[in-house]
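S.K.: One structure, as structure tokens, below. Some questions next.
Throughout, read-outs are computed from the coordinates displayed, never taken from laboratory work. Predicted model only: the values in this text are computed from it and were never measured. Positions of Cβ are generated from backbone atoms using ideal geometry, with glycine treated the same way; all protein chains shown enter the neighbour counts.
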């Protein structure tokens, strides 16, 4: 296994994992919603777990749940994310010391406890410790965000042989707008789950919102179309 990077504040990291024995870890929309909920709520210095519930402690004694939004101290910025049936990808920028590792520990434990309670199972849910790679260049970050947002194309197999790469890329971009379990709809103005997306890409890399972002992803899919449309689930960093 590759050596884990040394986390540093401001650093950007590609974090991903899949279900143990490649099992599905998101079985219905309720599971998706819970994971997205945890992405937001557990990204807080004050959040902690009790059973599969999330609580927060604040020094002034105010009601913890109702005040979490106004008094959050986030561990990471979430630049991009996608949930697939048996795995997830996150692009995180660390805000505080050990922010990535602390956030991922909470996220992994919290979702596993929820899943095991809901489906009356026990034991590990994910395939070992999450995998992580540091994103060292802006060029790779731009590529990675498109890769993350393009992942759901692996779920749609129709037309891969009959239609050309350009036509398939156009169709995929349109369909990705409606895939809720990703930050892509928010990037193109669909107002899906905007609370868990950083503005880093738009502000720093010029990957703007709306139509320009859509065109950029379409061009990326055309360039990588052979792999995206022919080989099933996108394989970058998958092992």
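S.K.: Would you calculate the separation in nanometres between label points at residue 117 and residue 6, each defined as 7 Å from the Cα along the Cα-to-beta-carbon direction?
M.R.: 4.0 nm
S.K.: Given R₀ = 35 Å, FRET efficiency for residue 175-residue 23 by Cβ-Cβ distance, to 0.05? Can you show the working numbers first?
M.R.: Details: r = 26 Å, r/R0 = 0.73.
The computed FRET efficiency comes out at 0.85.
S.K.: Would you please state which residues of the stretch 1-39 a label at residue 98 would reach in this model, taking the label point 7 Å out along Cα→Cβ and a backbone N cut-off of under 13 Å?
M.R.: Under 13 Å, as judged by backbone N against the label point of residue 98, lie 7 of the stretch 1-39.
S.K.: May I pose another question? Ranking request for peptides 142-155, 211-224: highest mean number of other beta-carbon atoms within 10 Å first, then the rest in descending order. Numbers along the way, then the final one.
M.R.: Working: 142-155: 21.0, 211-224: 17.4.
Top of the packing list down: 142-155, 211-224.
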